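The values are calculated or read from the model by the stated rules, or taken from the named source; none is laboratory data. Predicted model, so just to flag it, every value in this text is computed and none were measured. Here the Cβ positions follow ideal geometry from the backbone for every residue, glycine too, while neighbour counts run over all protein chains shown. Each accessible area value is taken on the protein alone, full model and side chains, heavy atoms only, with ligands, DNA and RNA left out. Shrake-Rupley method; radii C 1.70, N 1.55, O 1.52, S 1.80 Å.
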Amino acid sequence: MNDLIKDNINLHANVKTRKEALYQMSVMLEKNDVISDKDAFYAAVLDREAIGPTGMENGIAIPHGESDVVKDAAIAVFKTNQDLKWDSLDGKPIKLIFMLVVPTQHRDVNHLKILSHLSAALTHKDVQQRLLTENNVIDFKKILEKSGGM
Amino acid sequence: MKIVGVTACTVGIAHTYMAREKLISAAKSLEMEAHVETQGSAGMENQLTEEQIQAADIVIIAADVAITGEDRFHGKAVVKVPTNTAIQTPESLLRTIQKKLQVAN
């Protein structure tokens, strides 16, 4: 299995704002040695946020950051204990965040393809619903795997 | 209605692929035929063939940046929208296009 999430997942994240979520995800990524500098990566994520909404539909957001502090492409997941205010396509608050982490150089095309498959899988309502209600990490990853998102 | 499309977004990681998936799902549910090429960070995928372009009634470019190879669609009816339109309201986008084509013909 091409698990780009690994340990970068928290299905009970205790964060109260969009920025807090993005920052705490950057902290997690640095702790797990995916990125070398959480502040530089967080800045890259905010740069992308400024371009347009990364909140999609039904409570799911896909922020992403491209930076040379990224060691390997990865996916970080937060499911939050409370709804977050977030600029989204359907105006709904966000509860489930998939952060796509991409290096600026030495990109692995297969990794990029996994990220693209995940993005495509997340547009399906049945996948969204199952992920939003799944609180077990192993089962959560299984849903992604079965939906072609891994 | 036969559709060919190209999707592309600023970073080329997420919206490009979401827009493609949504356009294809919507076309399927409306019983239309759709081929959609992505121009993202992984390069060009599902590249449109000459035959697909020739046969298409409409070209949909769902992009937030300039795409590569727009000259392939010279002489065809082209609709340009941001990726978010394709992601958010793909079915109404396709229905609107279909109606306009019917009126034009």
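Summary table
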| read-out | value |
| --- | --- |
| Residue within region A:35-43 that is within 14 Å of chain B (Cβ to nearest Cβ) and surrounded by fewer than 17 Cβ atoms within 10 Å (Cβ to Cβ) present | no |
| A:E134, sole failed condition from (1) charged (D, E, K, R); (2) open to solvent by less than 70 Å² (accessible area, probe 1.4 Å); (3) free of Cβ contacts under 8 Å to residues at least 60 places away in the same chain | (3) |
| Considering residues of region B:73-95 that are among the charged types (D, E, K, R) and loosely packed, with under 14 Cβ neighbours inside 10 Å only, the residue farthest from A:L89 (Cα to Cα) | B:K76 |
| Residue in region B:44-52 that is within 12 Å of another protein chain (Cβ to nearest Cβ), surrounded by 23 or more Cβ atoms within 10 Å (Cβ to Cβ) and assigned to a strand (DSSP E or B) present | no |
| Any chance A:E57 is open to solvent by less than 40 Å² (accessible area, probe 1.4 Å) and among the acidic types (D, E) | yes |
| The listed residue being farther than 20 Å from B:N84 by Cβ, buried (at least 22 other Cβ atoms within 10 Å of the Cβ) and at pLDDT 95 or above, out of A:F140, A:F78 | A:F78 |
